[in-house]
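Worksheet for the structure shown next.
The values are calculated or read from the model by the stated rules, or taken from the named source; none is laboratory data. What you see is a predicted model; the values in this text were computed from it and never measured. All Cβ positions, even for glycine, are placed from backbone atoms using ideal geometry, and neighbour counts span all protein chains on display.
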Amino acid sequence: MEVDAIVTEVGGIVQDATYDETWIIGKFNEALTLVATLCRIPGLQTTAPVEAAIAAITAALPKTYLHDLYLVTTPTYPQGILIAPNIKELKTNSNDTQTGPVQIICLDGKILNFRPIPAATENMTLHFYGKPKELAAGDVFPDYIPEILHKEIFQNYALKEAYLQIEDGLDGVMPNTQKYGGLAANGIAALIAFYPNAPKARANVQRTRLDF
């Protein structure tokens, strides 16, 4: 479905020039980022290389990373290395002084921690859900979101945001905000249910220290 068509629908319902095309598409992009964050959408699965430098124990995450690191492969371990749920588990299951090929990693904010300490530069391939491409006038909504949900999610989200401002100060009575917010939430829930088996962040650690 075309972005412009739903822009027209929103404008026709709100009938307020304050909420123009630029504003509405901005809200579509808010909704897109929200669903990309809340849902594990196969169409947003991507990979990116990260270098484990000699003598380093951390690296920055790719700028395209959004959520759910579910697999990390290396030339030494093409089937994947261990992913710890946090830095405490990583340290419990590794040795900070050992060197060798990377065998275990974890995320700490936007930093990737890994062990053992690489004795040579090593390339890791991260598999995760990436950030969506922003929508613009003339675009079509991404096909990884079923077309039946385009209006349900994007139109209702934009209407909810518009009426949140329009109905502000009405003694707590915000019928349109609640109406369209509920419809958008239903659309997002339907999208989550549409992909029940999408890979999710995987924590696979042994409970004893690894012998590097």
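Go through the stretch 97-147 and give me each residue that's loosely packed, with under 14 Cβ neighbours inside 10 Å, outside any strand (DSSP E or B) and within 17 Å of the chain's Cα centre (by Cα).
Result: GLY109, LYS110, LYS133, GLU134, ASP143.
What's the number of the only condition in (1) under 17 Å from the mean Cα position of the chain (by Cα); (2) surrounded by 14 or more Cβ atoms within 10 Å (Cβ to Cβ); (3) at negative phi that ILE13 fails to meet?
Evaluating ILE13 over (1) under 17 Å from the mean Cα position of the chain (by Cα); (2) surrounded by 14 or more Cβ atoms within 10 Å (Cβ to Cβ); (3) at negative phi leaves (1) as the failure.
Name every residue in the stretch 16-45 that is in contact with a helix residue (DSSP H, G or I) (Cβ under 7 Å, 6 or more places away or on another chain), buried (at least 16 other Cβ atoms within 10 Å of the Cβ) and either of a type in the set (Phe, Trp, Tyr) or part of a helix (DSSP H, G or I) (or both), in order of residue number.
TYR19, ILE24, ILE25, LYS27, PHE28, ALA31, VAL35, ALA36, LEU44
What residue, among those in the stretch 177-212 that are in contact with an Asp or Glu (Cβ under 6 Å, 6 or more places away or on another chain) and either charged (D, E, K, R) or in the same structural domain as LEU34 (by TED's automatic domain parsing) (or both), is modelled with the highest pLDDT?
It comes out as GLY187.
Under 8 Å between Cβ atoms, which residue pairs at least 6 apart in sequence (or on different chains) link something in the stretch 1-21 that is free of Cβ contacts under 8 Å to residues at least 40 places away in the same chain with a partner that is small (Gly, Ala, Ser) and surrounded by 13 or more Cβ atoms within 10 Å (Cβ to Cβ)?
ASP20/GLY11
Could you run through the stretch 155-187 and say how many residues are surrounded by fewer than 21 Cβ atoms within 10 Å (Cβ to Cβ) and hydrophobic (A, V, I, L, M, F, W, C)?
Residues in the stretch 155-187 being surrounded by fewer than 21 Cβ atoms within 10 Å (Cβ to Cβ) and hydrophobic (A, V, I, L, M, F, W, C): 7 in total.
Would you mind stating whether GLU161 is within 19 Å of ALA17 (Cα to Cα) and in a helix (DSSP H, G or I)?
yes
Scan the stretch 46-76 for residues that are among the charged types (D, E, K, R) and assigned to a strand (DSSP E or B) and report the count.
Number satisfying all stated conditions: 2.
Out of ILE24, ILE87, ILE54, ILE81, I need the residue that is of a type in the set (A, V, I, L, M) and over 30 Å from ARG115 (Cβ atoms). Which one?
ILE24
Yes/no matrix, rows are residues, columns are (1) touching a Phe, Trp or Tyr at 6+ places or on another chain (Cβ under 8 Å); (2) assigned by TED's automatic domain parsing to the domain that holds ILE111:
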{"position": "GLN15", "(1), (2)": "no, no"}
{"position": "TYR19", "(1), (2)": "no, no"}
{"position": "PHE28", "(1), (2)": "yes, no"}
{"position": "LEU34", "(1), (2)": "yes, no"}
{"position": "TYR65", "(1), (2)": "yes, yes"}
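Which members of the stretch 38-95 meet the condition of being of a type in the set (Lys, Arg) and more than 21 Å from GLU134 (Cβ to Cβ)?
LYS88, LYS91
Checking ILE153 against (1) of a type in the set (A, V, I, L, M); (2) at pLDDT 95 or above; (3) not in a helix (DSSP H, G or I), only one condition comes out false. Which one?
(3)
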